[in-house]
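Just below is one structure, and these are the notes that go with it.
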């Protein structure tokens, strides 16, 4: 892993197009500003983790036994 | 082609049911080849791994219980899906079904999107804080007036 030390208001550039600035340092919290082109999506790592964990839970829970019944509900609308 | 499935053992499927996930699914990044199976219990479907018979997900189309669900696809998502027409897109939520099945949940933050024309899939991430990894299907169905 590349490790860079940055001070307040200093930046790093990734791949010529993503700019990350240190905007504020307060106690154990750092506020970062991220400038990136629209095709670069930025998420908190917790979002990735939450979906990974939910996928694992879903895979565990998908037993081969009967699925819950949603009978009495309308059929799925026809797709074009 | 014949495949081994978690819910139904060995079954015959059509090549059109095979979906390639170039990035895998989150937490299952190395699993690229899947098949979309009708379930014997509609409206659920199965997403079955072709590499690992014991790995399968239960899917539900989000608008079945949340008619207000709107998918937000990024440019990156569209590129990964082979730049599909909207009409060729299918959207699914992965379901988690606990022992008490009435508490089953669906993941609307990480929906699985399929380009059915080209057989390409991707698990997307929705940025809207409205969509979580655990939505209670039956409760929200009742709340949204879907019957």
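Worth a mention:
- Per residue of B:54-65, other chain Cβ atoms within 10 Å of the residue Cβ number 3 on average.
- √(5λ) per eigenvalue of the Cα gyration tensor, the protein assembly as shown, largest first, Å: 35, 21, 17
- For B:6, A:7, order by how many other beta-carbon atoms lie within 10 Å, fewest first: A:7, B:6
- Averaged over the residues of peptide B:96-108, the number of Cβ atoms from other protein chains lying within 10 Å of each residue's Cβ is 4.
- Of the residues B:128, B:80, B:39, the one that moves most in a GNM of chain B with alpha-carbon contacts below 10 Å is B:128.
- Gaussian network model of chain B, Cα within-10 Å springs - most flexible of B:44, B:92, B:21: B:44
- Overall, the ratio between the Cα radius of gyration of the range B:64-111 and 2.2 N^0.38 Å, rounded to two decimals, is 1.42.
- Helix-only CD estimate at 222 nm, as mean residue ellipticity for the protein assembly as shown, using -39500 (n - 2.57) per DSSP H run (n ≥ 4): -4000 deg cm²/dmol
- Cα-derived Rg to Rh of the range B:43-147, Kirkwood definition: 0.97
- Taking other C-beta atoms within 10 Å as the exposure proxy, A:22, A:30, A:3 rank A:3, A:30, A:22 from fewest upward.
Any read-out appearing in this document is the output of simple, stated calculations on the displayed coordinates, not a laboratory observation. All values derive from a computational prediction rather than experimental measurement. All Cβ positions, even for glycine, are placed from backbone atoms using ideal geometry, and neighbour counts span all protein chains on display.
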